[in-house]
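The values are calculated or read from the model by the stated rules, or taken from the named source; none is laboratory data. Just so we're clear, the structure is a prediction, and the values are computed from it rather than from any experiment. Cβ placement follows ideal geometry from the backbone for every residue including glycine, while neighbour counts extend to all protein chains displayed. Note: accessible area is taken over every heavy atom of the protein model, side chains too, but ligands, DNA and RNA are not part of it. Shrake-Rupley method; radii C 1.70, N 1.55, O 1.52, S 1.80 Å.
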Amino acid sequence: WSRLGASLKYSLHVITHPFDGFWDLTHEKRGSMGAANIIVLAVLITRLLSLEHTAFLFNEVYWPEVNILQQCLSVLLPLFIFVVGNWGLTTLFEGKGTLKDVYIATAYALTPFVLLQLPMIILSNAITVDEGAFYGVLNTLSLLWCGGLIVCGMMMIHDFSLGKTLLFIVLTIAAMLVIVFLLLLFFTLVGDGVGYFTSLYKEVTFRLY
């Protein structure tokens, strides 16, 4: 537990000192899978709390119609597809980070989302539309901060230059689109196959009985 607590606390160092933070995170084993999983879980909880409790002026969501599973998948699927896509591409081009390293670094890079979005839920209920610029700035800051940390994290764990890191992030996004297309194609074919055999079974049973 002390190891897990230290790993979680280290996320605060990573987001303020990203270059040496991400280097030590993987090369010195300052991070852990347990802490990374807790951060991802915190992101999910923050997302759900934001949907439910953010003022309607800034988040026009009717909570009873929200599908919690769908909202969780909207966070988890892009995260895991990014991790797999980045690891697969960088492995082919001498990237030094393992699949575990990419996941841990990406999870730690999401820490500002939790730290900023939770206060924003309270803020949204205390300000007016005219003061909404503050909410918009904080929302943009949380996303840009996470994006910048992901870039720094990929640089450090793969030992890439900035230009090469940006190139591979663009390629990773392209790989994500390809993976999503293949997954959709696979499940479509599976659905068609199941539908065909189901109709065939019904036809046979109808003729026999």
Check your understanding: How many residues are more than 12 Å from Leu110 (Cβ to Cβ) and surrounded by 21 or more Cβ atoms within 10 Å (Cβ to Cβ) when one looks only at region 136-154?
Key -> 2
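Condition (residue is open to solvent by less than 70 Å² (accessible area, probe 1.4 Å), touching a residue at least 40 places away in the same chain (Cβ under 8 Å), in a helix (DSSP H, G or I) and in contact with a Gly (Cβ under 9 Å, 6 or more places away or on another chain)) applied to region 177-200: is it met by at least one residue?
yes
Within region 147-170, take every residue that is among the aliphatic types (A, V, I, L, M) and under 16 Å from Asp101 (Cβ atoms) and give me the one that is nearest to the chain's Cα centre (by Cα).
Here is the first cut: in region 147-170, the ones among the aliphatic types (A, V, I, L, M) are 149-151, 154-157, 162, 166-167, 169-170.
Imposing the further condition that a residue be under 16 Å from Asp101 (Cβ atoms) reduces the set to 149-151, 154-157, 169.
Working: Leu149: 13, Ile150: 11, Val151: 14, Met154: 14, Met155: 18, Met156: 19, Ile157: 18, Ile169: 14 Å.
By that ranking, first place goes to Ile150.
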Point to revise | Inter-residue pairs, beta-carbon under 6 Å, first charged (D, E, K, R) and in region 45-64, second modelled with pLDDT under 75, 6+ apart | key: Glu52/Trp63
Review point. In region 72-86, what residues are touching a residue at least 40 places away in the same chain (Cβ under 8 Å), more than 30 Å from Ala133 (Cβ to Cβ) and open to solvent by 30 Å² or more (accessible area, probe 1.4 Å)?
Key: Val84
Point to revise | Every residue from region 155-175 that is at negative phi and open to solvent by 40 Å² or more (accessible area, probe 1.4 Å) | key: Ser161, Leu162, Gly163, Lys164, Leu166, Leu167, Val170, Leu171, Ile173, Ala174
Check your understanding: Does region 1-22 hold any residues that are surrounded by 19 or more Cβ atoms within 10 Å (Cβ to Cβ) and closer than 16 Å to Asp159 by Cα, and which are they?
Key -> Pro18, Gly21, Phe22
**Study point:** Extreme residue, nearest to Phe58 (Cα to Cα), among residues of region 132-167 that are aromatic (Phe, Trp, Tyr) and at pLDDT below 90
**Key:** Tyr135
Study note, to complete from the structure: The lone condition Val129 fails out of (1) open to solvent by 80 Å² or more (accessible area, probe 1.4 Å); (2) modelled with pLDDT of 90 or more; (3) β-branched (Val, Ile, Thr) is (2)
Review point. Picking from Leu41, Leu69, Leu57, Leu89, which residue would you name as being within 21 Å of the chain's Cα centre (by Cα), open to solvent by 90 Å² or more (accessible area, probe 1.4 Å) and more than 20 Å from Cys146 (Cβ to Cβ)?
Key: Leu69
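Is it fair to say Leu51 is at negative phi, at pLDDT below 90, crowded, with 17+ Cβ neighbours inside 10 Å and not hydroxyl-bearing (Ser, Thr, Tyr)? Step through it out loud before you land on a result.
Working: at negative phi: yes; at pLDDT below 90: yes; crowded, with 17+ Cβ neighbours inside 10 Å: no; not hydroxyl-bearing (Ser, Thr, Tyr): yes.
Against the criterion (at negative phi, at pLDDT below 90, crowded, with 17+ Cβ neighbours inside 10 Å and not hydroxyl-bearing (Ser, Thr, Tyr)), Leu51 does not qualify.
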